[in-house]
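Here's the structure, in structure tokens; my notes come after.
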Amino acid sequence: MKPFTLLIKPSGSDCNIDCRYCFYKHRSPDAGKGRQRMSDEVLEKLVADYMQTGFDVVGFAWQGGEPTLMGLDFFKRAVELQIKYGTTAQQISNKIQTNGILLDEKWCRFFHDKKFLLGISIDGPEKFHNVYRVEHADEMFDFLVQNDLTYV
Ligand code: SF4
């Protein structure tokens, strides 16, 4: 088996905003009714099986929907499990793609300390971003300004 990056959608297609162009959020009925959340048991099995492939480099890519709906403790647990089931020879990477709505100091501190590659989905400058992301759009740009991040 060749090494690969594992793409994980722990909250399925659930999202906390409703972009007008989203092709995915309203797929929830395809996956069954109700809230979509990965259980602790599935998380542990997923991490254990992947780490035990023995690849030198293992990559976890978290996305959604909106993966931060899982809560910060879920990702702390994921990192603990990666250490538990991995070996010291393995190089572990985590990437997360988020709309940024729920991010705060605690999330950012965690991503920094655990060396997550953080991707925040932005549609462009504020006037364009707000056209299709009609909910919470201002919060997104407030976050960027408060954290001295600049859209380029
Ligand atoms: S942030 Fe992504 S998943 Fe959420 S509604 Fe927008 S496009 Fe869909």
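Quick look at the values:
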{"item": "Residue list for segment 113-135, filter: more than 21 Å from Val57 (Cβ to Cβ) and assigned to a helix (DSSP H, G or I)", "result": "Glu126, Lys127, Phe128, His129, Asn130, Val131, Tyr132"}
{"item": "Hits in segment 58-79 (condition: closer than 16 Å to Leu103 by Cβ, part of a helix (DSSP H, G or I) and more than 15 Å from the ligand (Cβ to nearest atom))", "result": "Leu72, Asp73, Phe74, Phe75, Lys76"}
{"item": "Residue list for segment 61-73, restricted to those being surrounded by fewer than 19 Cβ atoms within 10 Å (Cβ to Cβ) and touching a helix residue (DSSP H, G or I) at 6+ places or on another chain (Cβ under 8 Å)", "result": "Leu72"}
{"item": "Of the criteria (1) outside any loop (DSSP other than H, G, I, E, B); (2) more than 18 Å from the chain's Cα centre (by Cα), which one Val47 fails", "result": "(2)"}
{"item": "Answer residue from segment 4-25, given it is exposed (fewer than 13 other Cβ atoms within 10 Å of the Cβ) and within 13 Å of the ligand (Cβ to nearest atom) and is modelled with the lowest pLDDT among those", "result": "Phe23"}
{"item": "Residue satisfying condition, being in contact with a strand residue (DSSP E or B) (Cβ under 7 Å, 6 or more places away or on another chain) and farther than 25 Å from Gly12 by Cβ, within set Gln91, Gln82, Gln97", "result": "Gln91"}
{"item": "Test: residue in segment 44-64 that is of a type in the set (Gly, Ala, Ser), under 12 Å from Lys9 (Cβ atoms) and in contact (Cβ under 8 Å) with a residue 12 or more places away in the chain", "result": "yes"}
{"item": "So Arg37, is it at negative phi, exposed (fewer than 12 other Cβ atoms within 10 Å of the Cβ) and within 16 Å of the ligand (Cβ to nearest atom)", "result": "no"}
{"item": "Failed item, numbered, when Gly100 is tested on (1) more than 28 Å from Asp49 (Cα to Cα); (2) among the small types (Gly, Ala, Ser); (3) loosely packed, with under 15 Cβ neighbours inside 10 Å", "result": "(3)"}
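Residue-by-condition table, conditions (1) touching a Phe, Trp or Tyr at 6+ places or on another chain (Cβ under 8 Å); (2) modelled with pLDDT of 95 or more:
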site: Lys84; (1), (2): no, yes
site: Leu102; (1), (2): no, no
site: Lys106; (1), (2): no, yes
site: Met140; (1), (2): no, no
site: Leu144; (1), (2): yes, no
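The values are calculated or read from the model by the stated rules, or taken from the named source; none is laboratory data. This is a predicted model, so every value here is computed, not measured. Quick reminder, even Gly has a Cβ in these numbers, built from the backbone with ideal geometry, and neighbours come from all protein chains shown.
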